[in-house]
Amino acid sequence: MMRTLVTMLAGLLLLYLAPGGLCQGCAVNKDESPLVRDLQKKMIFSVSASAPPNPSILLALRLAQDHNRRIEQDMLNKLSQDAVQRAVASFSSGQVALHILAQQASCSKPRRVSANGSTINLVRLLEQKFQVELQNIVSHGNPLTNFYQLSLDVLALCQLNGRLSPARASALLSPDHKKYYLSGQFSVDTAAVAVLAQICLQTRGQPLPLKVDRKIRQNVQWLVKKILNEKRSDGVIGNIYSTGLAMQALSVSSSYLKPGDWSCLHTLHTVLDKIPQGTFKNPMAASQILPSLENRTYLDVSKLNCSMDPDNLPLSTTRPAPPTSRPPSIRVTYTVADGVNNTFNDSISVTVPQGSVLFKVMEVAQDKDPSKFSFKYTQSSWGPYIISVQGLQADNNQRTYWQLLSNGIPLNQGAGDYVVYNGESLEVRFSTY
């Protein structure tokens, strides 16, 4: 009896000391599950027939407990069509990685994605795009994209057993200020995905050389400590939009945590309080928070059994109706400034309807004075992403970007989501990171 007890305790100790250890995640209870369903439905209703499909939305829906099989299959079909048509020429490496994770979570085969009579191997494509990223680091000191996307690349290649050197990956994701900081602010999102990627390398069943395993442990320890340093008293980690990925990272790295370092339930309850306030109305924000509410992570995509999914998420036939009353007008001050070369600093007073987002302010200013306030953007999964103002282009190789600020404070929402208020001073500033 005593020998059996000792054996059980030893087994538990080994499990705790294994990479990632016992999962410290948490999930909504039965009474709280309607909040998750509400997020799911808003994500589904946000999908536009004209816009390219977003793999992050399908990935999150697949990691949920409740499902609408018809909707998810329709999304998968559209993702496959989009990948076949645009992946080679238009997708960044991180976009390919998300498509791979969404396909895998849908029990589809990322190495054979077919649509309209054509087939593409997304894993091979990611291997190629990942190598181009690495070559750009050698040539210019920076990736073509950023280390958030590189972490997604490593995570996806690890999950699909793609061509990937663990030693090179551990060196790539090692502690470095310019990898994990943006304008002096630690990027919880990047760190969280880097943790998930390296935990995957440790747990995918292929023994690592001792030196590589030690390097990964050092990396994860540093990243987890940095993530915990961003934890606020209300449980939010970084900001509310980075909290979902942080929850995923911490839930799979419990062997790197000391007792009392983090209360998953405390963070979960804060997040749940935010859902009715519309905090996660952006579908991308919803997609990143939803898996943690179900105690799931991106490491679970290969463990799902689609044939066992319930079909228990009914949708009403009518979408939420837009408001019919006309809102009052508000006035804001809008400034565009070159904070790197100091070649211009222009301001204008703009009147917009109450409830408008920053992007609307930018459009009105551009219409009033295009010589000073013209801008260009690309459509990202988070919404419009500003790439140039007055013809001054952001350049990742030069580590420059357009920063959004309110009353001198950087925003944690994009131009298409941040709702402005009367009397506010808004700025789009050319900056370095």
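Counting Lys and Arg as +1 and Asp and Glu as -1, each charge on the Cβ, what is the dipole of the chain about the Cα centre in debye, to the nearest 20? Each step should come with its number before you reach the end.
Working: 42 positive and 30 negative charges, 203 e Å.
With only Lys, Arg, Asp and Glu charged at Cβ, the dipole is about 980 debye.
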inquiry  = Under the rule of at least 5 residues apart or a separate chain, name every residue whose amide H is placed under 5 Å from the amide H of S374.
reply    = Q390
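What pairs from K225/K281; K281/K360; K179/K376; K78/K303; K178/K211; K178/K226 go past 19 Å between their alpha carbons? Before the final figure, lay out the partial values.
Values: K225/K281 30 Å; K281/K360 17 Å; K179/K376 26 Å; K78/K303 23 Å; K178/K211 24 Å; K178/K226 14 Å.
K225/K281; K179/K376; K78/K303; K178/K211, as the Cα separations exceed 19 Å there.
Find how much the distance from D66 to K303 grows on full extension, using 0.36 nm per residue of separation minus their present alpha carbon separation; answer in nm with one decimal. Can you show the working numbers first?
Numbers: separation 237, 0.36 × 237 = 85.32 nm, distance 1.61 nm.
Here the segment from D66 to K303 would lengthen by 83.7 nm.
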request  = Using only Cα atoms, find the angle between the long axis of helix 2-17 and the longest principal axis of the chain, and express it within 0 to 90 degrees, rounded to the nearest 10.
outcome  = 30 degrees
task = Name the most mobile residue of R69, R326, R112, meaning the one with the largest mean-square fluctuation, in a Gaussian network model of the chain with Cα contacts below 10 Å.
result = R326
Cα centroid of the range 199-256 to Cα centroid of the range 374-433, whole Å = 29 Å
inquiry  = Looking at the chain as a GNM with Cα springs under 10 Å, which of A197, A156, A167 has the largest mean-square fluctuation?
reply    = A167
key: Per residue value of the accessible surface for the chain (all protein chains in place, 1.4 Å probe), Å²   = 47 Å²
task = For the chain, find the longest principal axis of its Cα atoms and tell me its angle to the long axis of helix 93-105, 0 to 90°, nearest 10.
result = 50 degrees
note = For the range 335-433, the accessible surface attributable to carbon and sulfur atoms (probe 1.4 angstrom, ligands and nucleic acids excluded) amounts in percent to 46 percent
message = Modelling each spin label as a point 7 Å along the Cα-to-Cβ direction, I'd like the V47/N397 distance in nm, to one decimal.
response = 3.8 nm
note = Tilt, helix 210-229 to longest principal axis of the chain (alpha-carbon atoms), in degrees rounded to tens, equals 50 degrees
Label-to-label distance, nm, for residues given as Q221 and T335 (7 Å Cα→Cβ offset) = 4.5 nm
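Between L315 and Y421, what's the calculated FRET efficiency when r is the beta-carbon distance and R0 is 45 Å? Round to 0.05. List each step's numbers first, then the result.
Details: r = 33 Å, r/R0 = 0.74.
The value I calculate is 0.85.
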Ranked packing of 272-281, 139-148, most packed first, by mean Cβ within 10 Å = 139-148, 272-281
task = Name the residue, out of L182, L160, L257, whose mean-square fluctuation peaks in a Gaussian network model built on the chain with Cα pairs under 10 Å.
result = L182
key: Where labels lie 7 Å past Cα in the beta-carbon direction, separation of A171 and S374 in nm   = 4.5 nm
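The values are calculated or read from the model by the stated rules, or taken from the named source; none is laboratory data. Predicted, not measured: the structure shown is a model, and the values here were computed from it. Glycine also receives a Cβ, built like all others from the backbone with ideal geometry; neighbour counts cover every protein chain displayed. Areas reflect the complete protein model, heavy atoms only, side chains present, ligands, DNA and RNA absent. Shrake-Rupley method; radii C 1.70, N 1.55, O 1.52, S 1.80 Å.
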